[in-house]
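Scroll down for the structure; my scribbles are underneath it.
The values are calculated or read from the model by the stated rules, or taken from the named source; none is laboratory data. A quick note: this is a predicted structure, and the numbers were derived from the prediction, not measured. Cβ sites come from the backbone with ideal geometry, for glycine too, and all protein chains shown count toward neighbours.
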Amino acid sequence: MVRLDTVKVKCSSDAIKELDEVYFKKELIVEGGRVERERWKYSKPQLGLVGLQVEDSKLIVEFSSKILKEKYGELLNLNTIEEALSNINEGIQLDPAMVIEEGVVLKADVTNDLHVEKPVPHYLRSLFFFNHNNRFQTYTKQDESISFYNKSRRIQFYWKYLELTNQRKNQDILKYINTRRFTDVLRMENRLASFKLLRDSFGCENNLYEILSSEANPNHHIFKRIRMPEPQILLDYEPGEVKFSKIVQREGYKEILRQCSNDLKIFRKLVAQYVKGDLTHYLRIAKRILAEMEERKDSTRFSLLDEVETKLAG
């Protein structure tokens with residue numbers, strides 16, 4: 001199911017059932033020295049309402065899943081969108097059905113809350129090793145978040161619990177939720193801020209109902225683009241953990257062992273073809289590396305990233 005954290009929608013102002021002018025600030029749009037039209041902007045703070053304006057018989061409204069209050073963790077989806085729109089009710093009342101059926105999506109943050117098995121910072125450190133991907137630039141806050149971005153996209157991974165408890169701007173939503181529900185949540189947000197990106201990502205027109213009904217999985221798709229090609233050597237070593245010459249040696253042994261099906265007996269036969277005399281040195285190193293590979297099988301960054309991809313594929 002498609003889930004959004006924030007969405008910006010445009011539709012006819014006919015979707016407004018009631019409007020109290022006290023909650024709005026009127027702006028005059030002047031072009032060529034003449035007043036061409038009026039813009040009414042919502043001016044009162046309301047939890048989850050990012051912005052709302054009426055201009056040229058068009059309503060533009062942007063809101064986040066905070067508008068759901070106690071259901072914040074469910075995010076904006078086909079089951080919660082009507083309630084979310086109904087909760088925009090201070091100084092204005094909308095027709096949720098009309099917004100859903102006729103609304104054109106201008107921007108959306110496609111979001112996955114992944115309940116992961118190990119501490120969230122481990123996954124963020126693993127994701128850091130994609131910073132070599134020339135499709136994206138990266139920005140990181142250690143053990144808090146990592147962003148991948150280019151001219152058209154911004155994808156962010158972060159520890160949701162830390163984001164909720166560290167930022168003062170979240171104090172209002174904390175009245176409605178238990179933050180412990182987010183202690184194991186790695187959140188992925190994929191901002192789609194153009195018609196083309198929205199159409200390409202969901203395979204449909206930019207209608208709110210069609211997007212929320214879509215069977216597309218844009219976050220899984222973009223994660224695979226970020227992940228490829230995999231930095232196989234770097235993923236096994238922290239910078240500064242070992243000398244580069246040792247990395248080269250280990251990776252050389254691992255590749256040879258892979259071709260020997262990680263079988264020490266086959267490896268011994270292979271080495272004997274090239275080395276005359278005592279093979280103990282080579283066998284000892286190979287045996288140690290096989291043991292390390294087995295020990296790290298469950299904790300390697302590959303397994304963490306495999307877990308993320310599996311959960312995104314959902």
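Structure values in brief
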read-out	value
Residue in the stretch 80-89 that is among the acidic types (Asp, Glu) and part of a loop (DSSP other than H, G, I, E, B) present	no
Hits in the stretch 96-144 - residues which are touching a Pro at 6+ places or on another chain (Cβ under 7 Å) and more than 30 Å from Ile16 (Cα to Cα)	Phe129, His132, Asp143
Extreme residue, surrounded by the most Cβ atoms within 10 Å (Cβ to Cβ), among residues of the stretch 164-196 that are over 22 Å from Val2 (Cα atoms) and within 17 Å of the chain's Cα centre (by Cα)	Leu164
Single residue of Glu251, Glu241 found to be modelled with pLDDT of 80 or more and either under 30 Å from Leu283 (Cβ atoms) or among the basic types (Lys, Arg) (or both)	Glu251
Residue in the stretch 53-75 that is among the aliphatic types (A, V, I, L, M), surrounded by 15 or more Cβ atoms within 10 Å (Cβ to Cβ) and in contact with an Asp or Glu (Cβ under 7 Å, 6 or more places away or on another chain) present	yes
Strands (runs of 3 or more DSSP E) within the stretch 1-56 that include 2 or more residues closer than 30 Å to Asn217 by Cβ and not basic (Lys, Arg)	4-12, 49-55
Residue count for the stretch 77-122, restricted to those that are hydroxyl-bearing (Ser, Thr, Tyr) and over 30 Å from Thr310 (Cα atoms)	1
Single unsatisfied condition, Ser152 versus (1) assigned to a loop (DSSP other than H, G, I, E, B); (2) touching a residue at least 40 places away in the same chain (Cβ under 8 Å); (3) surrounded by 13 or more Cβ atoms within 10 Å (Cβ to Cβ)	(3)
Neighbours by Cβ (under 6 Å, 6+ apart or cross-chain): first from the stretch 163-189, assigned by TED's automatic domain parsing to the domain that holds Gly48 and farther than 29 Å from His220 by Cβ; second at pLDDT 95 or above and part of a helix (DSSP H, G or I)	Tyr176/Lys69; Tyr176/Glu70
Evaluation of Leu106 against (1) within 24 Å of Ala193 (Cα to Cα); (2) modelled with pLDDT under 95 (one fails), failing number	(2)
Count - residues of the stretch 72-95 that are charged (D, E, K, R), modelled with pLDDT of 95 or more and under 29 Å from Val22 (Cα atoms)	3
Options Lys41, Lys26, Lys8: the member that is out of contact with any helix residue (DSSP H, G or I) (no Cβ under 9 Å at 6 or more places or on another chain) and surrounded by fewer than 14 Cβ atoms within 10 Å (Cβ to Cβ)	Lys26
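Here's the yes/no breakdown for (1) more than 23 Å from Ile211 (Cα to Cα); (2) among the basic types (Lys, Arg):
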{"position": "Leu68", "(1), (2)": "no, no"}
{"position": "Ala84", "(1), (2)": "no, no"}
{"position": "Phe130", "(1), (2)": "yes, no"}
{"position": "Arg135", "(1), (2)": "yes, yes"}
